[in-house]
1. Keeping to the stretch 58-115, report how many residues are under 26 Å from R19 (Cβ atoms), in a loop (DSSP other than H, G, I, E, B) and β-branched (V, I, T).
2. Just one of V6, V23, V18 is more than 13 Å from S83 (Cα to Cα), surrounded by 17 or more Cβ atoms within 10 Å (Cβ to Cβ) and at pLDDT below 95; which is it?
3. Against the condition assigned to a helix (DSSP H, G or I), in contact (Cβ under 8 Å) with a residue 60 or more places away in the chain and on the phi < 0 side of the Ramachandran plot, how does I24 come out, does it pass?
4. Looking at (1) touching a residue at least 24 places away in the same chain (Cβ under 8 Å); (2) more than 20 Å from the chain's Cα centre (by Cα), can you tell me which one P174 breaks?
5. Taking the residues in the stretch 159-188 that are in a loop (DSSP other than H, G, I, E, B) and within 19 Å of V132 (Cα to Cα) as candidates, determine which candidate is least open to solvent (accessible area, probe 1.4 Å).
6. It is to be established whether one or more residues within the stretch 4-18 are charged (D, E, K, R), in a helix (DSSP H, G or I) and at negative phi.
7. I'd like the residue in the stretch 104-124 that is over 19 Å from I41 (Cα atoms) and surrounded by fewer than 20 Cβ atoms within 10 Å (Cβ to Cβ) and, out of all such residues, is farthest from the chain's Cα centre (by Cα).
Amino acid sequence: MSDNNVPEIMTELRQDIVRVPKVISEASGIVIFGKRIRSIIFTTDIAIIRNTDADAVIAVYPFTPHPAITKSIIEAADIPVFSGVAGGLTHGARSAYMGMFAESQGSLGVVVNGPTPVDTIRAIYDVVDVPVIATVTSKYSKIKEKLEAGVDIINISAGKDTVEAVSHFRQKYPKLPIIATGGPDESTIEATIEAGANAITYTPPSNGVLFSKKMEKYRKMEYDENHQ
């Protein structure tokens, strides 16, 4: 059945959702516990998480991972969540506990940042029964030891060099599941998929930008009503 023939049910109250670029559907996806994940929205905004057609959400943020944040996002989400549990400052036993907490709350996977020590990855891997995802920031990142320590998936976020990094690691690890940032438009997303990414992370417009567009719509409605 082609995409043009796929039935879609939408109500009046839920029509303003954040849609991921359609080109992401060309990715192979990664099947985790029977769920195929192609599109992953990168946000911790609960309102956006509740109103998107993405397959999953990656909930990482530039602060120390905290159980209250993880719990709130997972409870609000109606799609699978990959939760950040370790990074440059948070590691060791705390990260292992965060991983256990995230899994117990329903996370589909746990995410560790680039600087996470191998010992911390091993500690997390030993106590969770969900995939461990390691963020990779360049093609020069040393991932061999991390893969050996228990990393199941890599998440490549190398800025303008992401396509090159994806191609590099795909050639080196033909069967490794790869998530990658898609870049600013459909052409960069397509290039990332062609380079070997199985799933794409998409950064949505901010809540402020989305609300601004809605306010413009409301102003036009009021103008039209007053000039009939």
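1. Selection size over the stretch 58-115: 2.
2. Every option except V18 fails the conditions.
3. Details: assigned to a helix (DSSP H, G or I): yes; in contact (Cβ under 8 Å) with a residue 60 or more places away in the chain: yes; on the phi < 0 side of the Ramachandran plot: yes.
Criteria met by I24.
4. (1)
5. L176
6. Yes.
7. Restricting attention to the stretch 104-124, the residues satisfying the condition of being over 19 Å from I41 (Cα atoms) are 104-105, 114-124.
With surrounded by fewer than 20 Cβ atoms within 10 Å (Cβ to Cβ) added as a condition, the list becomes 104-105, 114-115, 117-119, 122.
Details: S104: 19, Q105: 18, G114: 15, P115: 19, P117: 22, V118: 22, D119: 24, R122: 22 Å.
The qualifying residue farthest from the chain's Cα centre (by Cα) is D119.
To keep it simple, each residue is scored yes or no on (1) under 26 Å from I178 (Cβ atoms); (2) without any contact (Cβ under 8 Å) to a residue 60 or more places away in the chain; (3) surrounded by 14 or more Cβ atoms within 10 Å (Cβ to Cβ).
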site	(1), (2), (3)
F33	yes, no, no
T43	yes, no, yes
P62	yes, yes, no
G99	yes, yes, yes
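The values are calculated or read from the model by the stated rules, or taken from the named source; none is laboratory data. Here the structure is a predicted model, which is why all the values come from computation and not from measurement. Note that each Cβ is placed from the backbone with ideal geometry, even for glycine, and that neighbours are counted across all protein chains shown. With ligands, DNA and RNA removed, areas are computed over all heavy atoms of the protein, side chains included. Shrake-Rupley method; radii C 1.70, N 1.55, O 1.52, S 1.80 Å.
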